[in-house]
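Here is the structure we will look at.
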Amino acid sequence: MSDGGGEYKSTAFDELLKNRGIQILQSAPYTPQQNGRAECFMRTLSDKTKCMCIDACLPESWWNFAFNHAYHVYNWTPHVRLSWRTPYEILEKQKPRIEHL
């Protein structure tokens, strides 16, 4: 779900979503309240990123690296709403290898 912003508007992206069976939904512009799950997810990732930066004493300039790592760890973590499977496992149809973590 998105607010219809231009960052998600392309034929290639629409085809990718449709090929993966993902339904495209749009909320009204400038109403983040209608996109609650995504807003909550972004807040969770931001909080994880901030905690990792503080714990590792990383400077602000490393924010992008820490955010990407938090997102990576999230995708390799089992979730109860996915019957204790990982998002990676759902998408790729195989269990993730976690030796690198």
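For segment 13-40, the set of residues classified as hydrophobic (A, V, I, L, M, F, W, C) and farther than 22 Å from Pro87 by Cβ consists of Ala28 only.
Identification of helices (runs of 4 or more DSSP H) wholly contained in segment 3-101 with 2 or more residues that are of a type in the set (Asp, Glu) and at pLDDT 90 or above yields 36-55, 87-92.
Being over 15 Å from the mean Cα position of the chain (by Cα) and surrounded by 12 or more Cβ atoms within 10 Å (Cβ to Cβ) holds for only one residue in Cys53, Cys57, and it is Cys53.
Tyr30 satisfies every condition listed in (1) closer than 23 Å to Ile90 by Cα; (2) in contact (Cβ under 8 Å) with a residue 24 or more places away in the chain except (1). Scanning segment 76-101 for residues that are loosely packed, with under 10 Cβ neighbours inside 10 Å, of a type in the set (D, E, K, R) and closer than 24 Å to Lys18 by Cβ yields a count of 2.
The values are calculated or read from the model by the stated rules, or taken from the named source; none is laboratory data. Note that the structure is a prediction, hence the values are computed from the model and not measured. Backbone-built Cβ (ideal geometry, glycine too); neighbour counts: all protein chains shown.
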